[in-house]
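One structure is given below, encoded as structure tokens.
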Amino acid sequence: MKKWITSAAIFGAALSPRIALAAAEPAEQRGSWLLLFFFAINFILFAFVVVYFAAPIAQKFFADRAARIRSNLSRAQSAFAEAQDLANKAAARMAALEAELKKTAAEIEEETAFQVAKVKELAKSTAERIRRDATLGAAALAEAAKRRVRAHLAETAATLARDLIGRDFQRDDQGRLIDSFMEKLGSGAPR
């Protein structure tokens, strides 16, 4: 505890030397007019030296500082105006891009609808052509089948006739047939 009190006393004396020196000072004396006059002259000389030597330097410092502040402010204002202009241009460009995007989307939608209609029409015409080709193909197949059947019937009839003629046809019949044919040729009559 004693150590704490000693530390507090040293600390208090360090912060307030007037208290520590109060006991050693003699009683307060009144100052003289001469001393006041010297203090006043001393202050006037100090003020003159400060004004004469420090004032131009301080004035130059503050003038330079004011000029720097004005130029920085001017640059900041021009940079702000430029940034504002760029922001306005960017906003206008974004609006233009947005409009162009909408226009392009509308054109794509229109082109898609056109292509879908074109493909639909092409599909209809192709289906119609396939139906027509199928009908024509079926008719052609039926006609070809009829021709084959007729040819087969004709061939079968000719074979049958040959067999019948070869079996039932005599020499007398052959002579008569040739004579009749020759007569028809001679008269020019159609067969």
Check: Within the range 37-187, how many Lys pairs sit with Cα atoms under 29 Å apart, leaving out pairs fewer than 8 places apart on the same chain?
Finding: 6
Next item on the list: Would you mind counting up the charge near residue 74? Only other residues with Cβ under 14 Å from its Cβ, with Lys and Arg at +1 and Asp and Glu at -1.
Entry: +2
Check: Could you give the length gained on full extension between residue 128 and residue 111, defined as 0.36 nm per residue of separation minus the Cα-Cα distance, in nm?
Finding: 3.6 nm
Next item on the list: For residue 73 and residue 121, calculate 0.36 nm times their separation in residues minus their Cα-Cα distance, and state this gained length in nm to one decimal.
Entry: 10.3 nm
Next item on the list: Could you give me the radius of gyration and the Dmax of the range 37-187, taking only the C-alpha atoms into account and expressing both in angstrom?
Entry: 59.7, 190
Check: In debye to the nearest 20, how big a dipole does the range 37-187 give about its Cα centre with +1 on each Lys and Arg Cβ and -1 on each Asp and Glu Cβ?
Finding: 660
Item checked: Around residue 178: net Lys/Arg minus Asp/Glu count, Cβ-Cβ under 12 Å -> -1
Check: Say each of residue 53 and residue 165 gets a label point 7 Å from the Cα, pointing the same way as Cα to Cβ; how far apart are those two points in nm?
Finding: 15.9
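No value in this document is a laboratory result; all are computed from the given coordinates. If you're wondering where the values come from, they're calculated on a predicted model, not measured in any experiment. Virtual Cβ from ideal backbone geometry, glycine too; neighbours counted across all protein chains shown.
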